[in-house]
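Trainee: This structure is in structure tokens; I'll ask about it shortly.
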Amino acid sequence: MTAAATPMGGFPSAVVVIGASTGGPPVIERIVRALPADFPAPVAICQHMSEGFVEQWAERLDPLCWLTVKEAGNGEALEKGTVYIARIGRHMRFFRDGLAPRIRLDHDTAASTHVPCIDVTFTSSAEVFGSRALGVLLTGLGADGSNGLLALRRTSAYTIVEDPATAVAPSMPASALALGAVVETVPTADLPKVIVERASGRY
């Protein structure tokens, strides 16, 4: 646990945000395929990929999962039972239309090495969902996602990283750990079970 306030549990997450880079797709597939039909929150995924692969990836994953898997659309409502994968070349943020949370795909790409940027998505989820978000940072090179995970942690959101010792590329989760942004470090094989439990409010 970090020095920040520890989440108390008992309430399901309003959103689960997952970020990954190098080595991420197989881990994400394992997680998404394990999510049950009654999973309590929408899932938003920011994975660094080459242009043109997200739609194909979502279409391949969808029939293998209990939840609907799709490429995120601009202005689309975040709904339970759906996994939204960020579009390449757009940052994925969130906003509220009344009380309903929605996705905004932005073109402001100049300042970011990666588009979509995990830090952008995580920071937006902190602003819109606060402590009701569950943040998960997986394998990857570099440090994208670590500052965004810290922003989530500062709202008392529950934050998880894939254990650097079991990650294909340990840099991203290790960077988040170094910042003190992490509540729980989870071995790769245990991620699906832990995510289901934490999203359901079982801490």
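Trainee: For region 99-164, which fully contained strands (runs of 3 or more DSSP E) count at least 3 residues that are more than 19 Å from residue 84 (Cα to Cα) and at pLDDT 95 or above? I'd like the intermediate steps shown before the answer.
Mentor: On the way: elements: 100-106, 133-137, 158-162.
Correct list: 158-162.
Trainee: If you check 154, 87, which single one turns out to be within 21 Å of residue 22 (Cα to Cα), of a type in the set (Lys, Arg) and touching a helix residue (DSSP H, G or I) at 6+ places or on another chain (Cβ under 8 Å)? Give the derivation first.
Mentor: On the way: 154 fails: within 21 Å of residue 22 (Cα to Cα).
Checking each option against the conditions leaves just 87.
Trainee: Next question. Here are the criteria: (1) touching a residue at least 60 places away in the same chain (Cβ under 8 Å); (2) polar (S, T, N, Q); (3) touching a strand residue (DSSP E or B) at 6+ places or on another chain (Cβ under 9 Å). Tell me which single one residue 159 does not satisfy.
Mentor: So residue 159 meets the others, but not (1).
Trainee: Are any residues in region 26-61 acidic (Asp, Glu), surrounded by 13 or more Cβ atoms within 10 Å (Cβ to Cβ) and out of contact with any helix residue (DSSP H, G or I) (no Cβ under 8 Å at 6 or more places or on another chain), and if so, which ones? Give the derivation first.
Mentor: Step one: filter region 26-61 for residues acidic (Asp, Glu), giving 29, 38, 51, 55, 59.
Then drop every residue that is not surrounded by 13 or more Cβ atoms within 10 Å (Cβ to Cβ), which leaves 29, 55.
Within region 26-61, 55 is the sole residue that qualifies.
Trainee: Being touching a helix residue (DSSP H, G or I) at 6+ places or on another chain (Cβ under 9 Å), surrounded by 24 or more Cβ atoms within 10 Å (Cβ to Cβ), of a type in the set (Ser, Thr, Tyr) and without any contact (Cβ under 8 Å) to a residue 60 or more places away in the chain narrows it down to one residue among 146, 124; which is it?
Mentor: 146
Trainee: Before we move on, is residue 118 in contact with a Cys (Cβ under 7 Å, 6 or more places away or on another chain) and under 25 Å from residue 94 (Cα atoms)?
Mentor: On the way: in contact with a Cys (Cβ under 7 Å, 6 or more places away or on another chain): yes; under 25 Å from residue 94 (Cα atoms): yes.
For residue 118, the condition - in contact with a Cys (Cβ under 7 Å, 6 or more places away or on another chain) and under 25 Å from residue 94 (Cα atoms) - is met.
Trainee: Taking residue 175 as the residue in question, decide whether it is crowded, with 19+ Cβ neighbours inside 10 Å and polar (S, T, N, Q). Please lay out each step first, then the result.
Mentor: Numbers: crowded, with 19+ Cβ neighbours inside 10 Å: yes; polar (S, T, N, Q): yes.
Considered against the rule, which asks whether it is crowded, with 19+ Cβ neighbours inside 10 Å and polar (S, T, N, Q), residue 175 comes out as yes.
Trainee: Within region 42-60, does at least one residue satisfy the condition of being β-branched (Val, Ile, Thr), in contact with a His (Cβ under 8 Å, 6 or more places away or on another chain), without any contact (Cβ under 8 Å) to a residue 40 or more places away in the chain and not in a strand (DSSP E or B)?
Mentor: First pass over region 42-60, keeping only residues β-branched (Val, Ile, Thr): 43, 45, 54.
Next, from what is left, pick out any that are in contact with a His (Cβ under 8 Å, 6 or more places away or on another chain): none.
No: region 42-60 contains no residue that is β-branched (Val, Ile, Thr), in contact with a His (Cβ under 8 Å, 6 or more places away or on another chain), without any contact (Cβ under 8 Å) to a residue 40 or more places away in the chain and not in a strand (DSSP E or B).
Trainee: A follow-up question, please. Output yes when any residue across region 95-110 is hydrophobic (A, V, I, L, M, F, W, C) and either at positive phi or in contact with a Phe, Trp or Tyr (Cβ under 7 Å, 6 or more places away or on another chain) (or both), and no when none is.
Mentor: Within region 95-110, the first condition is being hydrophobic (A, V, I, L, M, F, W, C), and the residues that meet it are 95, 99-100, 103, 105, 110.
Retained after the next criterion (residues that are either at positive phi or in contact with a Phe, Trp or Tyr (Cβ under 7 Å, 6 or more places away or on another chain) (or both)): 103.
Scanning region 95-110 turns up at least one residue that is hydrophobic (A, V, I, L, M, F, W, C) and either at positive phi or in contact with a Phe, Trp or Tyr (Cβ under 7 Å, 6 or more places away or on another chain) (or both).
Quick grid of which residues meet (1) under 29 Å from residue 175 (Cα atoms); (2) in contact with a Gly (Cβ under 8 Å, 6 or more places away or on another chain); (3) polar (S, T, N, Q):
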{"site": "68", "(1), (2), (3)": "no, yes, yes"}
{"site": "85", "(1), (2), (3)": "yes, no, no"}
{"site": "90", "(1), (2), (3)": "yes, no, no"}
{"site": "93", "(1), (2), (3)": "yes, no, no"}
{"site": "108", "(1), (2), (3)": "yes, no, no"}
{"site": "123", "(1), (2), (3)": "yes, yes, yes"}
{"site": "131", "(1), (2), (3)": "yes, no, yes"}
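Trainee: Also, quick follow-up: Any residue in region 180-199 that is part of a helix (DSSP H, G or I), under 12 Å from residue 18 (Cβ atoms) and touching a Pro at 6+ places or on another chain (Cβ under 8 Å)?
Mentor: Yes, because at least one residue in region 180-199 is part of a helix (DSSP H, G or I), under 12 Å from residue 18 (Cβ atoms) and touching a Pro at 6+ places or on another chain (Cβ under 8 Å).
Trainee: While we're here: Working carefully through the options 165, 133, find the one that is of a type outside the set (Phe, Trp, Tyr) and in contact with a strand residue (DSSP E or B) (Cβ under 6 Å, 6 or more places away or on another chain).
Mentor: On the way: 165 fails: in contact with a strand residue (DSSP E or B) (Cβ under 6 Å, 6 or more places away or on another chain).
Criteria check complete, one pass: 133.
Trainee: If I filter region 62-88 down to residues being over 17 Å from the mean Cα position of the chain (by Cα) and not in a loop (DSSP other than H, G, I, E, B), which single residue comes out as surrounded by the most Cβ atoms within 10 Å (Cβ to Cβ)?
Mentor: Applying the filter and picking the extreme gives 62.
The values are calculated or read from the model by the stated rules, or taken from the named source; none is laboratory data. Treat the numbers as computed from the prediction; the structure is a model and nothing was measured. For neighbour counting, all protein chains shown are included, and Cβ atoms are generated from backbone atoms with ideal geometry for every residue, glycine included.
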